Amino acid sequence: MTREMRAAVFKGPYDIEIEMVPVPVIGPRDVLIRVTQSGICGSDLHSYKTGFYISQQQVMGHEFVGLIAEVGAAVDGLAEGDRVTGFYAGVCGECFWCTTGQMILCPALFTNSTGYGLPGAFAEFVAIPSAVIGQNIWRIPDAIDDDTAATSEPVAVALNAVVAAGIKPGDSVVILGAGMIGNACMQAAKNAGASRVGVVEVSTSRLEAARRHGADIVCDARNNVPLDWAKDNFGVGAYHFHEGAMVDVVIECAGSPATISLAFEMVRAGGSIAFVALPKGPELIDISKIVHKLPRILGSLGGDFDLAIDSLSSGAIHTSDLVTHHFSLEDANAAFAAQLDVEGAMKVMIKP
Ligand SMILES: [Zn+2]
Ligand SMILES: [Zn+2]
């Protein structure tokens, strides 16, 4: 008899239903995890609103912590009851990118990964196929609470962005948008030795959280002109024919048309811009700012879970107070509605 479990199943934009679905059946190399809680990611929210990334019947959720319920006979070093997080990246192993060590670029990534193609963690159980510690499943140290543990993935994404942006001691940095990832980028930029880190936001609670976590200066973009704020605080950056601000590194974590163009205005000529957030659709950018300012422009996707878990357990990055809400699986639609409210919520967790 197939065993069944409750899961939050995507039916279409703004519509999730709780259904009984089969518990994933694990093979000898797989692990089954009973989900303790799972956070709603910005990308889950994007999918919830538009259906982008996923098809009908998808169970989302890839930022989770749970306890191992079953271990395949051929899995090394893991046991029932272990507290873990995981992410199975279903890359093909054969394409140009997989065979040249750039697995993150595998075209198959979003069709066969945890919460993208494969069932995710907004369910009682989630499976990690071909489980290998340090590769797609990670043990959570006892010192880390469940809220913190379930933020390992967004923290990994933030750390990756800061490394990609090449932040060096003494750099000035502006983070545009300070949700979970922006806040973690801000903390990681400080840890990397940035001399001054500023945050631009439109939410009072997120501005307060940024300040609490060590932002040197913040800009409430609702009643300030962010470019003027950046010029005042980081200096005026002249470039051919024009002037912007003098920020060494800008990390774009908001994904709005206004912040995307601000990134090009604020960065100094020869500085770096890292794009982390996904905009709703294509955005026009002023190419003359690329030709005349020669910024390094980077996209950032994915990250290193080991580094994230180390940073969280050492206290270098602190996220537990950024988790603002917990909802039961039955209230998944309410959970997504709460996560949509940028003023009221930072990170919403679903507890099956
Ligand atoms: Zn995520
Ligand atoms: Zn591939």
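The values are calculated or read from the model by the stated rules, or taken from the named source; none is laboratory data. Since this is a predicted model, take the numbers as computed values, not measurements. With ideal geometry, Cβ positions are generated from the backbone for all residues, glycine too; neighbour counts draw on all protein chains shown.
Residues checked against (1) on the phi > 0 side of the Ramachandran plot; (2) exposed (fewer than 14 other Cβ atoms within 10 Å of the Cβ); (3) among the polar types (S, T, N, Q):
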position	(1), (2), (3)
270	yes, yes, no
281	no, yes, no
284	no, yes, no
290	no, yes, no
298	no, no, no
301	no, no, no
308	no, no, no
311	no, no, yes
Unique residue being touching a residue at least 24 places away in the same chain (Cβ under 8 Å) and out of contact with any strand residue (DSSP E or B) (no Cβ under 6 Å at 6 or more places or on another chain) when the list is 99, 148: 148
Subset of the range 241-268 [surrounded by fewer than 22 Cβ atoms within 10 Å (Cβ to Cβ), touching a Lys or Arg at 6+ places or on another chain (Cβ under 9 Å) and within 21 Å of residue 172 (Cβ to Cβ)]: 242, 243, 246, 261, 264, 265
Residue check, residue 346 crowded, with 16+ Cβ neighbours inside 10 Å, of a type outside the set (Asp, Glu) and either assigned by TED's automatic domain parsing to the domain that holds residue 86 or over 18 Å from residue 174 (Cα atoms) (or both): yes
All positions within the range 71-85 that are surrounded by 15 or more Cβ atoms within 10 Å (Cβ to Cβ) and assigned to a loop (DSSP other than H, G, I, E, B): 72, 75, 78, 82
Those residues of the range 171-193 which are of a type in the set (A, V, I, L, M) and surrounded by fewer than 24 Cβ atoms within 10 Å (Cβ to Cβ), in sequence order: 192
Failed criterion for residue 52 (all others in (1) surrounded by 18 or more Cβ atoms within 10 Å (Cβ to Cβ); (2) among the hydrophobic types (A, V, I, L, M, F, W, C); (3) within 15 Å of ligand 1 (Cβ to nearest atom) hold): (1)
Index of the failed condition, residue 68 passing every other in (1) without any contact (Cβ under 8 Å) to a residue 40 or more places away in the chain; (2) surrounded by fewer than 22 Cβ atoms within 10 Å (Cβ to Cβ); (3) touching a strand residue (DSSP E or B) at 6+ places or on another chain (Cβ under 7 Å): (2)
For residue 75: the one exception among (1) in contact (Cβ under 8 Å) with a residue 12 or more places away in the chain; (2) more than 16 Å from ligand 2 (Cβ to nearest atom); (3) closer than 24 Å to residue 255 by Cα: (3)
Residue count for the range 285-310, restricted to those that are under 30 Å from residue 337 (Cα atoms) and of a type in the set (Ser, Thr, Tyr): 1
Of all residues making up the range 26-48, the number that are free of Cβ contacts under 8 Å to residues at least 60 places away in the same chain and either farther than 25 Å from residue 130 by Cα or among the β-branched types (Val, Ile, Thr) (or both): 1
